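Structure record follows, encoded as structure tokens.
The values are calculated or read from the model by the stated rules, or taken from the named source; none is laboratory data. Fair warning: this is a prediction, and the values are worked out from it, not measured in the lab. Counting neighbours? That spans all protein chains shown, and the Cβs are built from the backbone with ideal geometry, glycine included. To get the accessible areas, we keep the full protein, side chains included, count just its heavy atoms, and leave off ligands, DNA and RNA. Shrake-Rupley method; radii C 1.70, N 1.55, O 1.52, S 1.80 Å.
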Amino acid sequence: MKIDVPPADENQYTYTGNVIKYGVESNEYYTVINNIRKEAGSQEVVITLKDTNNTEWASELGTYTFTIAKANPKYIVPTGIKVASGSKLSTVTLPNGFKWINGDEEVNSQVDYYLATYTPSDTDNYNVITN
């Protein structure tokens with residue numbers, strides 16, 4: 001019998017807000033430590049034998065990296081913003097979390113959109129969205 005350790009290419013998780021379990025759990029033969037995580041980030045999962053005389057799973061013992069990647073946040077792109085041509089973007093107030101990439105850029109009546117960044121309130125678990 002072999003410990004069913006997930007291959008690296010199948011061991012990719014993304015933050016969901018829920019507890020995520022690394023694909024190996026303790027049983028009567030071996031102990032798995034740190035195989036549960038909720039937040040984005042990495043930790044080491046440790047697999048050890050309960051009976052050191054049993055070497056059947058020795059090749060699977062050791063440490064594995066358990067990583068949860070940050071998720072992209074849900075957001076609504078602001079629309080319908082009115083501003084006079086020639087005004088600087090910095091004079092236009094955006095909804096919480098949004099910021100102009102170049103606030104010194106002047107509004108041009110020929111341009112339909114301008115680039116902004118969205119920063120979620122939880123940057124530990126969610127990506128900052130640019131452009």
Picking from Ala58, Ala69, which residue would you name as being open to solvent by 30 Å² or more (accessible area, probe 1.4 Å) and touching a Ser or Thr at 6+ places or on another chain (Cβ under 8 Å)? Ala69
Read through the list (1) exposed (fewer than 11 other Cβ atoms within 10 Å of the Cβ); (2) closer than 20 Å to Tyr15 by Cα, then give the number of the only condition that Asn96 fails. (2)
Quickly run through segment 16-30 and pick out the residues that are surrounded by 14 or more Cβ atoms within 10 Å (Cβ to Cβ) and at pLDDT 90 or above. Ile20
Every residue in segment 107-131 that is more than 14 Å from Lys70 (Cβ to Cβ) and exposed (fewer than 14 other Cβ atoms within 10 Å of the Cβ), please. Asn108, Ser109, Gln110, Val111, Asp112, Tyr113, Leu115, Asn131
Name the residue, out of Ile3, Ile33, that is surrounded by 12 or more Cβ atoms within 10 Å (Cβ to Cβ) and either in contact with a Ser or Thr (Cβ under 8 Å, 6 or more places away or on another chain) or modelled with pLDDT of 90 or more (or both). Ile33
Quick one: Ile47 ticks every box in (1) β-branched (Val, Ile, Thr); (2) more than 16 Å from the chain's Cα centre (by Cα); (3) under 30 Å from Thr16 (Cβ atoms); (4) open to solvent by 50 Å² or more (accessible area, probe 1.4 Å) bar one, so which box is it? (4)
Do we find a residue being assigned to a loop (DSSP other than H, G, I, E, B) and modelled with pLDDT of 95 or more anywhere in segment 45-66? no
